[in-house]
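Below: the structure, in structure tokens.
The values are calculated or read from the model by the stated rules, or taken from the named source; none is laboratory data. Owing to the predicted nature of the structure, the values given are computational and were not obtained by experimental measurement. Every residue, glycine as well, gets a Cβ built from its backbone with ideal geometry; the counts of neighbours run over all protein chains shown.
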Amino acid sequence: MSDPRGHLIAMGVDLELFQPMNRHAARAALGIDPDEPVDVRQTLAGVTPSAVVEFGQDLVDTLAKHCALILRSGARSNGRNTASRFDWRTTAQHIAGVYGRLVCPITSVLRR
């Protein structure tokens, strides 16, 4: 039966093409440093006050120290514009862009 409003594209995942894998391996396959926090340094560049804490055995203590310094400063963050990058619309556009760059080229090659 034809729908005058258009075609229905069913949602779903090709489980033969897309299978769960190790996060470290997936990031490496995409050219992302598997050990680097995703975009944290770039995201917080220019945001004050802010801090990026290295992972390690003293992570919790270091994070607590930086948080305490930021809270004690009483300064208001200038990060409102940075935070707006993470609203649902922006996130959806980002996901669609990644899908378009990575998934669509793969599926079009596989279907030839």
Within the range 45-94, restricting to residues that are within 21 Å of Asp35 (Cα to Cα) and either β-branched (Val, Ile, Thr) or touching a Phe, Trp or Tyr at 6+ places or on another chain (Cβ under 7 Å) (or both), the one that is surrounded by the fewest Cβ atoms within 10 Å (Cβ to Cβ) is Val60
Only one of (1) in contact with a helix residue (DSSP H, G or I) (Cβ under 6 Å, 6 or more places away or on another chain); (2) under 30 Å from Met21 (Cβ atoms) fails for Arg89. Which number is that?
(1)
If a residue counts only when it is under 19 Å from the mean Cα position of the chain (by Cα), which helices (runs of 4 or more DSSP H) contained entirely in the range 46-103 have at least 1 such residues?
80-84, 88-98
Tell me which of these Ser50 doesn't satisfy, since it passes every other one: (1) in contact with a helix residue (DSSP H, G or I) (Cβ under 6 Å, 6 or more places away or on another chain); (2) in contact (Cβ under 8 Å) with a residue 24 or more places away in the chain; (3) within 30 Å of Gly100 (Cα to Cα).
(3)
Given the options Ala10, Ala68, name the one that is modelled with pLDDT of 80 or more and either hydrophobic (A, V, I, L, M, F, W, C) or in contact with a Leu (Cβ under 9 Å, 6 or more places away or on another chain) (or both).
Ala68
